[in-house]
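The values are calculated or read from the model by the stated rules, or taken from the named source; none is laboratory data. Keep in mind that what you see is a predicted model, and the values were worked out from it rather than measured. Ideal geometry is used to build each Cβ from the backbone, glycine not excepted, and the neighbour counts take in all protein chains shown. All accessible areas refer to the heavy atoms of the entire protein, side chains included, with ligands and DNA or RNA removed. Shrake-Rupley method; radii C 1.70, N 1.55, O 1.52, S 1.80 Å.
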Amino acid sequence: MSPWRWIPSLYIAEGLPYFAVNTLTVIMYTNMGVSLTDMAFFTGWLYLPWVIKPFWSPVVDLFKTKRWWIVVMQLAMALGLAGVALFLPGSFFFSMTLAFFWLIAFFSATHDISADGLYILALDSHDQAKFVGVRSTFYRISSIAGQGGLVLLAGYLENTLSDIPLAWAYVFGILSIFFLVCSVYHAFALPKVGTDNSIPAKNKKAALKDFFKTFASFFKKKQIGVALVFMLLYRFPEALCIKLVQPFLLGSRETGGLGLSTAEAGFINGTIGVIGLLLGGIVGGMAISRGGLKKLLFPMAASLSLPCIFYCLLAMFQPTSFYMISGAIALEQFGYGFGFSAYMLYLIYFSQGNNATSHYAFCTAFMAVGMMVPGMFAGWLHEFLGKYEIFAEGFNQGYINFFWVVMLCSLLTFLSCTLIKVNASFGKKTGNEEISEEGLTQVNLES
């Protein structure tokens, strides 16, 4: 069976629920009048399933096959998305849809484990290398569709129907139908692999014991303390920003926002922002392959954190030019993609040795914690800072003060970089310690 029959659809199905849960919810709840404090805090919790994904993955191996998990999780996501569409127009939409979104997030994280596992089992090393670019491309297509296309559709429906809850109900209803079709299609299209079997009952206890042993070995690695500080703090400014950028774009100019429509925000997110992010990641990977991670660590830290100043300037001057706003966000996303390459490569570097794959998964769990926790309190921080004239007078204070505090938090990024130690040759194209092409591809996929 040709991998072209299932890899593109599988990785679109892997990406869409992630962006639906982590991007669409922010825009939808903002448009529906949920306070920034509640929106940021409660949608922040939706990230938890991806935090615990490495600890949940052994369960997927213990029971059933990867193929079974994929088909069932896609069906479960279809039902969860239908639940969101059903309850959005109701009076208890916030609590009910949050419950469904949390289930969708859990199903999606489980689907990620199964999809990546099947990719490895169904393909030999040659085909894995051959199709890794295809896998990454279609994941990116899901990013464009999830952050751009679906938001554009929601904006169109908001204007056409003049009913925001109903507009978003249609969007999630369409997503539900898509995942139902995916589940049916993949029930026939996914390959049946002889090695794709659950662990026999007599071996399950030993498998769990090995997992906990591997987990314990992670905390015995050299420099584990400073490594965890780096994982949690390197992206701290971005973690604060991520929950409030969309409300800032959509907010009225009277409240300090830029007053963009939902469709305009969707265009910026799904095209300009994604292109900037991809280019930054590509250039970052090429730069490290030439100079090495150690040499480029601080320049990349500056690239990731300092472009947040564009949000400070946008908040202070509130330009009306769509092109100026788009350009600023494109530059910020490029800088983020460039700087994020260093972060992902350090996770690969720190994971080297025995149990590298498992240790890398634990690193990504701490990466997720570093993004989840600051974002949960971003709305409260915005509300708190809005009461004071700190960085400017005569302006609506909330977003201005918030984004300047984010800039100050860039000091935490640089502090975390001073703590870690990296071999000078790591990441270079030549040298004693080369990072594999697969590792660089993983960086681009994760970013």
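Points worth noting:
- Gyration tensor verdict on region 38-105 (Cα atoms; rounded if a/c is under 1.5, prolate if a/b is larger than b/c, oblate otherwise): oblate
- Two-site FRET efficiency, residue 62 against residue 5, from Cβ-Cβ distance with R₀ of 22 Å, rounded to 0.05: 0.20
- Equivalent ellipsoid dimensions for region 201-330 as semi-axes, Å, which come from the Cα gyration tensor, largest first: 39, 20, 15
- Residue-span extension gain [residue 290 to residue 387] - 0.36 nm each, minus C-alpha spacing: 30.1 nm
- Think of each Lys and Arg Cβ as +1 and each Asp and Glu Cβ as -1; about the Cα centre, that makes the dipole of the chain roughly 1560 debye.
- Working from label points 7 Å from Cα in the Cα-to-Cβ sense, the residue 161 to residue 354 distance is 5.7 nm.
- Remark: the Cα gyration tensor places the chain in the oblate category, a/c being 1.5 or greater and a/b not exceeding b/c.
- Length added when fully stretched, residue 79-residue 213, from 0.36 nm per residue minus Cα-Cα: 44.6 nm
- Spacing of the modelled spin labels on residue 253 and residue 192, each 7 Å from Cα toward Cβ, amounts to 6.4 nm.
- Accessible carbon and sulfur surface of region 271-418 relative to its total accessible area, %, 1.4 Å: 71
- Set against the 2.2 N^0.38 Å expectation for a compact globular protein, region 267-313 has a Cα radius of gyration ratio of 1.32.
- The calculated FRET efficiency for residue 408 paired with residue 35, based on their beta-carbon distance and R0 = 22 Å, is about 0.35.
- MRE, 222 nm, helices only [DSSP H, n ≥ 4, -39500 (n - 2.57), over the chain, to nearest 500]: -23500 deg cm²/dmol
- Residue among 379, 260, 9 farthest towards the positive dipole end of the chain, charges placed on Cβ: 9
- Once the Cα-Cα distance is subtracted from the 0.36 nm per residue extended length, the residue 226 to residue 130 segment shows a gain of 30.9 nm.
- With the highest mean first, a sort of the peptides 43-50, 160-167 on other beta-carbon atoms found within 10 angstrom per residue produces 43-50, 160-167.
- Cα-based shape type of region 308-384, given that a ≥ b ≥ c are square roots of the gyration tensor eigenvalues and the cut on a/c is 1.5: oblate
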